[in-house]
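Asks: Questions regarding the structure given below will be posed in turn.
The values are calculated or read from the model by the stated rules, or taken from the named source; none is laboratory data. On a predicted model such as this, the values are computed, not experimentally measured, just so you know. Backbone-built Cβ (ideal geometry, glycine too); neighbour counts: all protein chains shown. For the accessible areas, the whole protein counts, side chains as well, though only heavy atoms, and no ligand, DNA or RNA atoms are used. Shrake-Rupley method; radii C 1.70, N 1.55, O 1.52, S 1.80 Å.
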Amino acid sequence: MLNKKITDLLNSQINKEFYSSYLYLDMSNYYIEKNLNGFGNWFAIQAQEEYAHAMLFIKYILNNSEKVVLNDIASPNKHYKDFKHPLEGSLEHEISISASINAIYAEAYTLKDFRTMQFLDWFVKEQGEEEKNVDDLCKRYEMFGTDPRGLYLLDAELATRVFNAPTLVI
Ligand code: FEO
């Protein structure tokens, strides 16, 4: 059993993870529409990762015999002004998700909910990696993406990314 406030925060995080998946799918579609299929692939895998994160939160709530609440997922409804725009948007988004995970962690700490803290440890680390990955991509785009040949090579590299399911045991 979990504290009600923790359960509510975890349920809210499920929605944020599904929204993240939706947002990255939207970004993937944008790049594919622009014939940058490698960028499209990179963001489609981001979307898969976010879906997997949502499923981990669902499993944790169910394993603790609490109720999962699936709320409406907002439309990303984004209009990207250039190729760099989604990259910057995804970094900003990951920073906000890190803050959200940290807020749940802080509440679990206050309540001495050590089980939830242990569950969230993986996400705290994962968020560090996610922020670094997207920040690296922003910087590499800055260096190479504004030159057509550089953009072509970067796109080809991003096309090789594959999805690896999280190995977290709950
Ligand atoms: Fe599930 Fe990118 O945070």
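Asks: Hydropathy first: keep DSSP H helices in the chain averaging at least 0.0 on Kyte-Doolittle, then drop any whose Cα extent along the axis falls short of 27 Å, and list what survives.
Replies: Long hydrophobic helices here: 37-63.
Asks: Which entries of 16/59; 16/78; 34/81; 34/78; 4/67; 78/139 have Cα-Cα distances beyond 18 Å here?
Replies: The pairs that break the limit, which is 18 Å between Cα atoms, are 78/139.
Asks: Expressed as a whole percentage, what fraction of the accessible surface of the chain belongs to carbon and sulfur atoms when a 1.4 Å probe is rolled over the protein heavy atoms?
Replies: Whole-percent figure for carbon plus sulfur exposure: 56.
Asks: Here is a further query. Rounded to two decimals, what ratio of Rg to Rh does the range 47-101 give with C-alpha atoms and a Kirkwood Rh?
Replies: Rounded to two decimals, Rg/Rh equals 1.07.
Asks: A further question on this structure: For the range 1-85, what is the accessible area per residue in Å² when the probe is 1.4 Å?
Replies: Each residue of the range 1-85 exposes 52 Å² on average to a 1.4 Å probe.
Asks: Next question, about the same structure. Explain nothing, just the number: dipole magnitude of the range 122-170 about its Cα centre with +1 on each Lys and Arg Cβ and -1 on each Asp and Glu Cβ, in debye rounded to the nearest 20.
Replies: The dipole of the range 122-170 has a size of about 100 debye.
Asks: With +1 assigned to the C-beta of every Lys and Arg and -1 to the C-beta of every Asp and Glu, and no other charges, what is the dipole magnitude of the chain about the Cα centre in debye, to the nearest 20?
Replies: Dipole size: approximately 320 debye.
Asks: Could you work out which residue, out of 111, 151, 25, moves most in a Gaussian network model of the chain, that is, has the largest mean-square fluctuation with Cα springs under 10 Å?
Replies: Top of the fluctuation ranking is 111.
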